[in-house]
1. Checking Ile199 against (1) closer than 30 Å to Ala84 by Cβ; (2) touching a strand residue (DSSP E or B) at 6+ places or on another chain (Cβ under 6 Å), which test does it fail?
2. Using beta carbons and a limit of 7 Å, which pairs, at least six apart or on different chains, have the first residue in the stretch 427-456 and farther than 16 Å from Thr476 by Cβ and the second one charged (D, E, K, R) and surrounded by 10 or more Cβ atoms within 10 Å (Cβ to Cβ)?
3. Sort out which residues of the stretch 29-85 are small (Gly, Ala, Ser) and open to solvent by 50 Å² or more (accessible area, probe 1.4 Å), and write them in order of number.
4. Quick one: which helices (runs of 4 or more DSSP H) sit completely within the stretch 1-116 and have at least 3 residues that are farther than 25 Å from Leu182 by Cα and either touching a residue at least 60 places away in the same chain (Cβ under 8 Å) or not assigned by the TED database to the domain that holds Gly127 (or both)?
5. Would you point out the residue of the stretch 287-334, among those that are over 16 Å from the mean Cα position of the chain (by Cα) and on the phi > 0 side of the Ramachandran plot, that is most open to solvent (accessible area, probe 1.4 Å)?
6. Give the number of residues within the stretch 434-493 that are open to solvent by 70 Å² or more (accessible area, probe 1.4 Å), part of a strand (DSSP E or B) and aromatic (Phe, Trp, Tyr).
7. State the number of residues belonging to the stretch 1-28 that are open to solvent by less than 10 Å² (accessible area, probe 1.4 Å) and either more than 20 Å from Pro145 (Cα to Cα) or of a type in the set (A, V, I, L, M) (or both).
8. Just the residues that are touching a residue at least 24 places away in the same chain (Cβ under 8 Å) and in a helix (DSSP H, G or I), please, taken from the stretch 154-166.
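The values are calculated or read from the model by the stated rules, or taken from the named source; none is laboratory data. These figures come from a predicted structure and were not determined experimentally. For neighbour counting, all protein chains shown are included, and Cβ atoms are generated from backbone atoms with ideal geometry for every residue, glycine included. Only protein heavy atoms, including side chains, enter the accessible area calculation; ligands, DNA and RNA are left aside. Shrake-Rupley method; radii C 1.70, N 1.55, O 1.52, S 1.80 Å.
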Amino acid sequence: MEGSPIPVLTVPTAPFEDQRPTGGGGLRRPTGLFEGQRNYLPNFIQSVLSSIDLRDRQGCTMVVGSDGRYFSRTATEIVVQMAAANGIGRLIIGQNGILSTPAVSCIIRKIKAAGGIILTASHCPGGPGGEFGVKFNVANGGPAPDVVSDKIYQISKTIEEYAICPDLRIDLSRLGRQEFDLENKFKPFRVEIVDPVDIYLNLLRTIFDFNAIKSLLTGPGQLKIRIDAMHGVMGPYVRKVLCDELGAPANSAINCVPLEDFGGQHPDPNLTYATTLLEAMKGGEYGFGAAFDADGDRYMILGQNGFFVSPSDSLAIIAANLSCIPYFRQTGVRGFGRSMPTSTALDRVAKSMKIPVYETPAGWRFFSNLMDSGRCSLCGEESFGTGSDHLREKDGLWAVLVWLSIIAARKQSVEEIVRDHWAKYGRHYYCRFDYEGLEPKATYYIMRDLEALVTDKSFIGQQFAVGSHIYSVAKTDSFEYVDPVDGTVTKKQ
């Protein structure tokens, strides 16, 4: 701290009509809107901070991270300046602003922070013409529940001013503590820049048998792996955990330098966008492949020759093999959770294990509620997200380490493990269609007509021909969820 105290300013503003958070307290919009529309980002950050009760906000600790996409550094600086002006006492920030979404959840829980702000648009493209997002995680480390998202939205509709310290500057590259003396504040405002991987890696060490995984990845009979970070946040995590800690050769990891535009690619770990990895795996040289999305909470698994493991199958196979993981041998397995669009492959495993399974709407916040109440140990969704009660977020690297643990224990290839699973539990199929860039009016009519179709009783029993096969409709519904923890009802899913 040097010189005179940093002034705290109150800036007049006016509401924007489109700042309703999507599920989990997040706002995702074109980068140009955040960057070019005056007060757009400060309005939403103020709404998030104001959603925390004043007595809980004063002097509290929060975590801030980003996936490194374009505009993240500028946005991080604004978040820091506004957190200081709003009475936050301490911020924990990853070096260079980098923190994966699972790592943010991990740190919030480890230090008992009041919450965290994650600057990410998940698997959406980056760069000036891409997407940007702000996500709010609450004190349990998970995405904001609907009641908090609604509060943020209500504040955003009536906001008249925001507080900021525009003269406050931090060095995101320098590890350690930085303190700032602010006007009208008795205690200094502190920022701690931390290694983005260390705390999260320490948690992983308590979950897995690292020696078993290291033996798999090193030595004469080693499993050759190919891991694609897709130029997102996971580069430092892949190198430090899989290469430095677990002994995978350095050239096992590709696209590990976080780039603001993700190298011009779509950072989405699926067969459409992770084509570099897919082509490498098709050559047969590697026995295991994985890719991650921009913020590290989604993953894709490939076996030798490009054998694809669907996310729904991956979740079910992990559930059936949890005994391979020391963490679950110690804690036991209390229940499973899956989102409604995810296939029922998990249900078949749960039935054989005599373990309850919960079907929820899309959104990790529903799983967080189940895990906080002790009902759920493992959960996942069809959009390449899987996690457990070690965090309150889906966790891509955790899922990859689970798969490596299963391979090490069973001494089988990815394809052999999957085919054995199909032979034992049957094979489940599901389909997902993404409609992007639709006009709201068209969206309304699509959903209206679809709901009318599936809720019409005459639809049950209808038959459809595909080639020489005839399929009959056995069941349809417009999914509705009653949360077993707090009784809240979520309709029209």
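1. Of the numbered conditions (1) closer than 30 Å to Ala84 by Cβ; (2) touching a strand residue (DSSP E or B) at 6+ places or on another chain (Cβ under 6 Å), the odd one out for Ile199 is (2).
2. Arg432/Glu382
3. Of all residues in the stretch 29-85, those small (Gly, Ala, Ser) come to 32, 36, 47, 50-51, 59, 65-66, 68, 72, 75, 83-85.
Selection gives Gly36, Gly59.
4. Values: elements: 31-36, 40-50, 54-57, 72-85, 101-111.
Those helices (runs of 4 or more DSSP H) span 31-36, 101-111.
5. Asn305
6. So the count comes out to 2.
7. Here the count works out to 1.
8. The first filter runs over the stretch 154-166 and keeps only residues touching a residue at least 24 places away in the same chain (Cβ under 8 Å), leaving 155-166.
Correct list: Ile155, Ser156, Lys157, Thr158.
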